[in-house]
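The block underneath contains the structure these notes are about, expressed in C-alpha cells.
Every number here is computed from the coordinates shown, using simple stated rules; none is lab data. Because the structure is predicted, anything quoted here is derived from the model rather than measured. Note that each Cβ is placed from the backbone with ideal geometry, even for glycine, and that neighbours are counted across all protein chains shown.
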Amino acid sequence: MISTYTAKYSKIPTGYMGQLVEWPEVVTEGATLEECREYLRDALREMIAAYRQEGKEIPVGGALLEQVAVEE
C-alpha cells in the first residue's frame, strides 16, 4: 500500500528542514534539498514502523496545500 503525505521544506542556515504537514512529528534536516527529502522518507518509514509496533493509529496523508495571494 502506498500512502502520500505532504512535505514542507524550509531553508535554514545549515541546509533544509523538512516536515510533514499531516504528521508534524516527522521532521528532519539535510545539507541539500535532495538529502532532506531522503531523510524525510526515512523518518516517515521509521515513524510508521514505531506506530505500528505500539498499536497507534497512523495519521492519514493527502492534505491539500495552496498559495493564498493578498494585496498589501
Would you check which residues across the range 1-26 are in a loop (DSSP other than H, G, I, E, B) and among the hydroxyl-bearing types (Ser, Thr, Tyr) and list them?
SER3, THR4, TYR5, THR6, THR14
Single match in GLU57, GLU29, GLU38, GLU22 (criterion: loosely packed, with under 11 Cβ neighbours inside 10 Å and of a type outside the set (S, T, N, Q))
GLU57
Restricting the search to the range 29-54, which residues are closer than 21 Å to LEU64 by Cα and either assigned to a loop (DSSP other than H, G, I, E, B) or under 8 Å from the mean Cα position of the chain (by Cα) (or both)?
LEU40, ARG41, LEU44
Does TYR51 qualify as being crowded, with 16+ Cβ neighbours inside 10 Å, free of Cβ contacts under 8 Å to residues at least 60 places away in the same chain and among the aromatic types (Phe, Trp, Tyr)?
no
Of all residues in the range 1-48, how many are more than 20 Å from VAL60 (Cα to Cα) and either in contact with a His (Cβ under 7 Å, 6 or more places away or on another chain) or free of Cβ contacts under 8 Å to residues at least 12 places away in the same chain (or both)?
5
